[in-house]
1. Among the numbered criteria (1) in contact (Cβ under 8 Å) with a residue 40 or more places away in the chain; (2) under 23 Å from PRO185 (Cβ atoms); (3) touching a His at 6+ places or on another chain (Cβ under 9 Å), which single criterion is violated by LEU277?
2. Hey, among GLY157, GLY191, which residue is surrounded by fewer than 17 Cβ atoms within 10 Å (Cβ to Cβ) and on the phi > 0 side of the Ramachandran plot?
3. Go through (1) in contact with a Leu (Cβ under 8 Å, 6 or more places away or on another chain); (2) within 17 Å of ASP45 (Cα to Cα); (3) in a helix (DSSP H, G or I); (4) not β-branched (Val, Ile, Thr) for ALA126 and report which single condition fails.
4. Out of THR261, THR208, report the one residue that is buried (at least 20 other Cβ atoms within 10 Å of the Cβ) and not aromatic (Phe, Trp, Tyr).
5. What are the residues in segment 137-154 that are open to solvent by less than 10 Å² (accessible area, probe 1.4 Å), under 23 Å from GLU278 (Cα atoms) and assigned to a helix (DSSP H, G or I), if any?
6. Quick check on this structure: which one of VAL266, VAL262 is more than 30 Å from SER110 (Cβ to Cβ) and touching a Ser or Thr at 6+ places or on another chain (Cβ under 6 Å)?
7. TYR242 is checked against (1) closer than 15 Å to MET144 by Cα; (2) in contact with a Ser or Thr (Cβ under 9 Å, 6 or more places away or on another chain); (3) aromatic (Phe, Trp, Tyr) and fails just one. What number does that condition carry?
Amino acid sequence: MSTIATPDGTSRPNLLRRVAAASFGFAVADAGAENPTPSAPVKADTPTGDRLITKDGTSLYFKDWGSGPAIVFSHGYPLSSDAWEDQMFFLLENGYRVIAHDRRGFGRSSQPAKGYDYDTFADDLAQLVDALDLRDATFVGHSMGGGEVARYVGRHGQSRVAKVAFVSSVTPFLLKTATNPNGAPKEVFDGFRASVQADRSQWNLDVTVPYYSFNRPGAKVSEGLRRDYWRQGQATGVLAAYHALGAFSETDFREDLKKITVPTLVVHGSDDQIVPLEISAKLTAALIPQAKLVVYDGGSHGLLHVDKDRLNADLLAFLRT
């Protein structure tokens, strides 16, 4: 469980010690200087507050709220665990323990020079799940995060998995190849990478229009939602922003999905302009024996917010079955 922290990351106990030291003046400071207490090194795989140091030294930020059955959320590109706030708050209020992390290079996690591939993403997730000793957990992935959940099962099995949910997921395989003729051409994703290099800030703002289907007749545009997407996207490091595009477009998750035998919910919007329904959710559900496909008529890629009430209700019903 997370320790309450101040905005600058200082834990409340440490903050109180600082206040106490200041109250007692220089005598306390001098005494501390004469008898310094060395800081204990942070051990890999041991969560401290809202941080986990992975085996390769990457610092992962995570949220861990509540008690009860555990739900693990994996966020989409180029966002962070903040993208799940509507679902986490709702399910927390309904008696669940909710956990979400910022993927390496994203949000408040550190930005290493390497590791922006799905094997590493899945191994990072596994280290967090093991460190928190989560059991019988439900794993929920949105967009890019769906691939993370699939690869987690593919590499680490289902010993800690009770159920799985994919929301607007990139699975099973987005890239057009000889064995995947209906995928998107590589040139599409090359264009995305070019946009990251040309003007990432503007691209993160522009993409919100099709992402939430704000370009459709009668759409109720939320400038706040657009700005929040931009905020999260800009907090992600440029290496993650660039290399993750190749990871989620060129990784084949078909064999990973075949290993999922637990009850699975697949939710997708029929008007998803980022990850089209026909090349994603329909194929994902067909590869998983216990999958239930739910299509939101006219739904966008941004179901987490635009259709949050319906999605929250569907997730809760799925968890309770």
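The values are calculated or read from the model by the stated rules, or taken from the named source; none is laboratory data. Not measured: the values here are computed from a predicted model. Here the Cβ is made from the backbone with ideal geometry for all residues, glycine too, and neighbour counts use every protein chain on show. Please note that ligands, DNA and RNA were not included when accessible areas were found on the heavy atoms of the full protein model with its side chains. Shrake-Rupley method; radii C 1.70, N 1.55, O 1.52, S 1.80 Å.
1. It fails just one condition, (1).
2. GLY157
3. (1)
4. Going through THR261, THR208 in turn, the sole match is THR208.
5. MET144, GLY145, GLY146, GLY147, GLU148, VAL149, ALA150
6. Step by step, each of VAL266, VAL262 is checked, and only VAL266 is more than 30 Å from SER110 (Cβ to Cβ) and touching a Ser or Thr at 6+ places or on another chain (Cβ under 6 Å).
7. Every condition holds for TYR242 apart from (2).
Here is a yes/no grid of residues against (1) among the aliphatic types (A, V, I, L, M); (2) in a loop (DSSP other than H, G, I, E, B); (3) closer than 23 Å to GLY157 by Cβ:
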{"site": "GLU85", "(1), (2), (3)": "no, no, no"}
{"site": "VAL98", "(1), (2), (3)": "yes, no, yes"}
{"site": "SER109", "(1), (2), (3)": "no, yes, no"}
{"site": "ARG135", "(1), (2), (3)": "no, yes, yes"}
